[in-house]
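J.: Shown below is the structure under consideration.
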Amino acid sequence: MTESSSQPVAGGGRPISTGYEGYRPHFLRAVQQHHVQLSLMGDNKANLMITISALVLTLSVQYLGNPTLQYPAIIMMASCLSCMGFAVYATMPKRNKQLNMLAAGGLRQTSLNPLYFGHFALVPLEEFESVVEEYLSEGESTFRAQIRDIYQLGWFLHHNKYRWVRYSYVSLLAGLAASSITAVVLTILKQAAP
């Protein structure tokens, strides 16, 4: 092994083939497709939470006139509204003002991803073509761009989409628990009163 390369080197100075080089594009493509499927699953879960919350919210309105179930209905309605808010935010496209400032410096900045439409749409077509041609002319650059794209997609899923979908689930479950407990307590108090 040489210090400048992480691959074993033969006597002539060429890297020794490990036999796995052909699998790199397939591996990266599979990982990227997996992340895209996870993103779609997050969107589907958020849409499911919106639908369930809207249904429960609609059904809860009829109990506002019932003195025993009025407060549980209000709690449930509030949790449904927060659940819907979190779910909508999870699926809403994000717009970042700082991104516009970064894009003014061009796609060659390390913080911008030339494979993500939200980044390359902010620069002129000529610059996008130039950057993509550079990546395609160097094989390792292409792999680095794909790896960075996978990382940024995974980071977004973890820190944004799935976090807000989780808040949506927790909000609905907390509302169900709180409204159920409130209904039971109010029913017991009503029956205990003379």
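The values are calculated or read from the model by the stated rules, or taken from the named source; none is laboratory data. For clarity, every value in this text was computed on a predicted model and none was experimentally measured. Cβ coordinates were reconstructed from backbone atoms using ideal geometry, including for glycine residues, and neighbour counts include every protein chain displayed.
J.: Pairs please, first residue from the stretch 54-73 and surrounded by 11 or more Cβ atoms within 10 Å (Cβ to Cβ), second anywhere and of a type in the set (D, E, K, R), Cβ atoms under 8 Å, 6+ apart in sequence or on different chains.
T.: Thr68/Lys190
J.: In the stretch 72-101, which residue that is under 30 Å from Pro124 (Cα atoms) and either touching a His at 6+ places or on another chain (Cβ under 8 Å) or of a type in the set (Gly, Ala, Ser) (or both) is modelled with the highest pLDDT? Give the derivation first.
T.: First, pick out the residues of the stretch 72-101 that are under 30 Å from Pro124 (Cα atoms): 89-101.
Next, only the ones that are either touching a His at 6+ places or on another chain (Cβ under 8 Å) or of a type in the set (Gly, Ala, Ser) (or both) stay: 90, 99.
Values: Ala90: 94, Leu99: 61.
Among those that are under 30 Å from Pro124 (Cα atoms) and either touching a His at 6+ places or on another chain (Cβ under 8 Å) or of a type in the set (Gly, Ala, Ser) (or both), it is Ala90.
J.: Further question on the same structure: Can Pro25 be described as modelled with pLDDT under 95 and in contact with a Pro (Cβ under 8 Å, 6 or more places away or on another chain)? Walk me through how you get there before you give the answer.
T.: Values: modelled with pLDDT under 95: yes; in contact with a Pro (Cβ under 8 Å, 6 or more places away or on another chain): no.
Considered against the rule, which asks whether it is modelled with pLDDT under 95 and in contact with a Pro (Cβ under 8 Å, 6 or more places away or on another chain), Pro25 comes out as no.
J.: Still on this model: Under the condition of being free of Cβ contacts under 8 Å to residues at least 60 places away in the same chain and either part of a loop (DSSP other than H, G, I, E, B) or among the charged types (D, E, K, R) (or both), which residue from the stretch 164-194 is farthest from His34 (Cα to Cα)?
T.: Let us first name the residues in the stretch 164-194 that are free of Cβ contacts under 8 Å to residues at least 60 places away in the same chain, namely 166, 170, 173, 177, 181, 184-185, 188-189, 191-194.
Next, from what is left, pick out any that are either part of a loop (DSSP other than H, G, I, E, B) or among the charged types (D, E, K, R) (or both): 166, 193-194.
On the way: Arg166: 20, Ala193: 59, Pro194: 62 Å.
Ranking the qualifying residues of the stretch 164-194, first place goes to Pro194.
J.: Need pairs with beta-carbon distance below 7 Å; first residue acidic (Asp, Glu) and within the stretch 113-133, second not in a helix (DSSP H, G or I); sequence gap 6+ or separate chains.
T.: Listed pairs, sorted by first residue: Glu127/Gly106; Glu127/Leu107.
J.: Taking Ala104 and the conditions (1) among the hydrophobic types (A, V, I, L, M, F, W, C); (2) exposed (fewer than 12 other Cβ atoms within 10 Å of the Cβ); (3) modelled with pLDDT of 75 or more; (4) under 27 Å from Thr142 (Cα atoms), which numbered condition does it fall short on, given that it satisfies the others?
T.: (3)
J.: May I pose another question? Do we find a residue being among the β-branched types (Val, Ile, Thr) and closer than 26 Å to Tyr71 by Cα anywhere in the stretch 141-150? Step through it out loud before you land on a result.
T.: Of the stretch 141-150, the ones among the β-branched types (Val, Ile, Thr) are 142, 147, 150.
Now restrict to residues that are closer than 26 Å to Tyr71 by Cα: none.
No.
J.: Condition first: over 16 Å from the mean Cα position of the chain (by Cα) and exposed (fewer than 12 other Cβ atoms within 10 Å of the Cβ). Now tell me which residues in the stretch 139-194 satisfy that.
T.: Glu140, Val184, Ile188, Leu189, Lys190, Gln191, Ala192, Ala193, Pro194
J.: A follow-up question, please. Out of the residues in the stretch 110-138 that are within 23 Å of the chain's Cα centre (by Cα) and of a type in the set (A, V, I, L, M, F, W, C), state the one that is nearest to Leu28 (Cα to Cα). Reasoning before the result, please.
T.: If we filter the stretch 110-138 for residues that are within 23 Å of the chain's Cα centre (by Cα), which is where we start, we get 110-122.
Right, trim to of a type in the set (A, V, I, L, M, F, W, C) and you get 112, 115, 117, 120-122.
Numbers: Leu112: 19, Leu115: 14, Phe117: 19, Phe120: 21, Ala121: 24, Leu122: 26 Å.
If we take residues in the stretch 110-138 being within 23 Å of the chain's Cα centre (by Cα) and of a type in the set (A, V, I, L, M, F, W, C), then Leu115 is nearest to Leu28 (Cα to Cα).
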